[in-house]
Amino acid sequence: MANAGFVPALIAGAGDEAVWRYIDFFTANIRNPNTRRAYARACSRFFAWCGERGLSLGMIRPYDVSLYIETRLLTHSAPDVKQQLAAVRMVFDWLTTGQVMATNPAAAVRGPKHVVKTGKTPVLEAQEWRTLLGSIPTGTLRDLRDRALIATLTYSFARIGAALEMKVEDLAPEGAGWQVRLHEKGGKHHAVPCHHALVEALRAYIDAAGIARDKKGFLFRTSPRHAAMVLTELPMTQPDAWRMIRRRAAAAGIAAPIGPHTFRATGITAYLANGGTLKHAQEMAAHDSPRTTKLYDRTKERLTQVEV
């Protein structure tokens, strides 16, 4: 990895123990691939900046970390800088507990204040959502797959990563109804009762695709570009889902820059607007804090627009 440029030169210069401890931080300590990539980029930038200033690993002090944060704030947003500091602080913690460093120079450095009260993800009105879903035909397996995926994201409040990790067996009967099992961050599984419309969309797709007996196979599979009636055994990726949604939105005449996360936010907003409780929305969305769930609630925004 060091030869491939993964390990910053400043870490490599501190010796093999520092190199392997740094590698272990990303391979053994961080399981989510998106977080791993983001933190690796953040640490590479920071250590490259330190190297340009002639610092070695043991020379880095709180002052240096603070100066880096202040410098980055001149050209980047507060959320970006907070993530940079979080990544640097965590990797220094890892190096400190591994006795590569005596202390964590980022521990006492405060990041920029940034309070988010409302999410920025575009949310569809109920009629817009129905228009989008209604514009998708049902004549091909790809059409049925896309309808089923959008329904899953909306009715179960699923993260796109969790939905794309689903297997066929993750749609299962539960008592008198059905439930979906979502594969959440950190290897956790989260079961959500199914809305009848979601069951109908999933069953129509599964039955038409003939994959009901392939219990361990991925549920949402790729389809060759010019063969809409063919599914591969490979799962859709997040870029696949994003491109599909943008294509379907354009066909439905929706100009807003929506993406997979739009349907999670749309589902939560619709649920709360129709009398659902924040506590249950939090449980369905698998959020650790109700404050996170509240970011998806756009009911107050809609009320303000109506009043105006």
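The values are calculated or read from the model by the stated rules, or taken from the named source; none is laboratory data. On a predicted model such as this, the values are computed, not experimentally measured, just so you know. Heads up, the Cβs are rebuilt from the backbone with ideal geometry, glycines too, and the neighbour counts pull from every protein chain shown. Note: accessible area is taken over every heavy atom of the protein model, side chains too, but ligands, DNA and RNA are not part of it. Shrake-Rupley method; radii C 1.70, N 1.55, O 1.52, S 1.80 Å.
Does the range 239-256 contain at least one residue that is open to solvent by less than 10 Å² (accessible area, probe 1.4 Å), part of a loop (DSSP other than H, G, I, E, B) and of a type in the set (A, V, I, L, M, F, W, C)? No, the conditions are met nowhere in the range 239-256.
Here Ala14 does not fit the description of being surrounded by 17 or more Cβ atoms within 10 Å (Cβ to Cβ), under 25 Å from Gln238 (Cα atoms) and among the aliphatic types (A, V, I, L, M). For the range 198-223, a residue qualifies if it is open to solvent by less than 50 Å² (accessible area, probe 1.4 Å) and part of a loop (DSSP other than H, G, I, E, B), and the qualifying residues are Ile211, Ala212, Gly217, Leu219, Phe220, Thr222, Ser223.
So which residues in the range 27-65 are of a type in the set (A, V, I, L, M, F, W, C) and outside any helix (DSSP H, G or I)? Reasoning before the result, please.
Taking the range 27-65 first, the residues of a type in the set (A, V, I, L, M, F, W, C) are 28, 30, 38, 40, 42-43, 46-50, 55, 57, 59-60, 65.
The answer is Ile30, Leu55, Ile60.
Given the condition among the basic types (Lys, Arg), out of contact with any strand residue (DSSP E or B) (no Cβ under 6 Å at 6 or more places or on another chain), more than 20 Å from Thr266 (Cβ to Cβ) and modelled with pLDDT under 90, answer yes or no: does some residue in the range 210-219 qualify? Checked against the condition, which is being among the basic types (Lys, Arg), out of contact with any strand residue (DSSP E or B) (no Cβ under 6 Å at 6 or more places or on another chain), more than 20 Å from Thr266 (Cβ to Cβ) and modelled with pLDDT under 90, the range 210-219 yields no hits at all.
Checked against (1) touching a helix residue (DSSP H, G or I) at 6+ places or on another chain (Cβ under 6 Å); (2) closer than 26 Å to Gln238 by Cα, Asp80 meets all criteria but (1).
Residue check: is Arg89 charged (D, E, K, R), within 21 Å of the chain's Cα centre (by Cα), within 30 Å of Ile160 (Cα to Cα) and at pLDDT 90 or above?
Numbers: charged (D, E, K, R): yes; within 21 Å of the chain's Cα centre (by Cα): no; within 30 Å of Ile160 (Cα to Cα): yes; at pLDDT 90 or above: yes.
No; evaluated as a whole, the condition is false for this residue.
Any residue that is loosely packed, with under 12 Cβ neighbours inside 10 Å, in contact (Cβ under 8 Å) with a residue 24 or more places away in the chain and small (Gly, Ala, Ser) - is there at least one of those in the range 261-268? No - not one qualifying residue is present in the range 261-268. Asn104 meets all of the listed conditions (1) within 30 Å of Ala201 (Cα to Cα); (2) surrounded by fewer than 22 Cβ atoms within 10 Å (Cβ to Cβ) but one, namely (1).
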